[in-house]
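Asker: Would you mind keeping the following structure in view while I ask a few things?
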Amino acid sequence: MLKRLHNRLGTAGLVVAVVALVAAVAGTAFAAGGLTKKQEKQVVKIAKKYAGKQGPKGDQGPTGAQGPKGDQGPKGDAGPKGDSGEEGPPGPTELDLPPGKTMTGTWSFRGTGEEIYSYTITFPLQLGYLPQLRRAEPGSEFCPGTVDDPQAKAGSLCVYEDDVVNSFYMGIPTTYTVGAINRYKSQVEANVSSGFGTWAVTEFCPIDPNTGEPEPTC
């Protein structure tokens, strides 16, 4: 009988009918306070027995439209520091003046009460020969530059005077491949003697073995 009712009323209708049936049997109990716990369990049991089986899973619906792009998240923490790479080989260090190149610099001295004053010239790079120190004068073949633009022919260390006070050039220098020492003599030892200027020295160019002359491209 319940099966026929289920086929006619459906699951929902059957549950309503069972509840009504239990309520009718219960009489005053239902009217006073509804179904008892035992009656509720009976209703659920009967409904489960006659409930239909779960139907097949429906097809998946179409994919919806893509939503708007979200805000960028916070910046992550910095990763650990990587290991140090291997140390590379040391770079080349230039020690010698290249052929045909010129070095320049300044010189000065100052003093009182001395007969001889010396000053030192130190070359940034080493020469391949002992230069001949020359006092640069206008029209000099070996020192064609000026105090503001010191120049020297290969083999010569040219000293250009800017200002000399109470002293004169002695012309007794000492030269090295790394520099030179030059000397001035005071005129009046009790007075202040001073001097300053510039210098230039040029390295020789290689000699062409065929002509015996310096290479023109040096």
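Asker: Out of the stretch 111-160, which residues are surrounded by 14 or more Cβ atoms within 10 Å (Cβ to Cβ), closer than 13 Å to Y176 by Cβ and of a type in the set (F, W, Y)?
Answerer: F123
Asker: Is it the case, given these coordinates, that T93 is modelled with pLDDT of 95 or more, surrounded by fewer than 15 Cβ atoms within 10 Å (Cβ to Cβ) and not aromatic (F, W, Y)?
Answerer: Judged against the criteria, T93 is not a match.
Asker: Inside the stretch 107-218, counting only strands (runs of 3 or more DSSP E) that do not spill past its ends, which hold 3 or more residues that are farther than 29 Å from L95 by Cα?
Answerer: In the stretch 107-218, 156-165, 167-169, 179-186, 192-202 are the strands (runs of 3 or more DSSP E) which contain 3 or more residues that are farther than 29 Å from L95 by Cα.
Listed here are the residues, each with its yes/no results for (1) modelled with pLDDT of 95 or more; (2) within 47 Å of the chain's Cα centre (by Cα).
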site	(1), (2)
G58	no, no
G79	no, yes
T106	yes, yes
I116	yes, no
Y119	yes, yes
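Asker: Of everything in the stretch 116-146, what is over 21 Å from D163 (Cβ atoms) and either touching a strand residue (DSSP E or B) at 6+ places or on another chain (Cβ under 8 Å) or touching a residue at least 24 places away in the same chain (Cβ under 8 Å) (or both)? Give them in sequence order.
Answerer: T122, F123, P124, L125, Q126, L127, G128, Y129, L130, P131, Q132, F142
The values are calculated or read from the model by the stated rules, or taken from the named source; none is laboratory data. The structure displayed is predicted, hence computed values, not measured ones. Note that we place each Cβ from the backbone using ideal geometry, even for glycine, and neighbour counts take in every protein chain shown.
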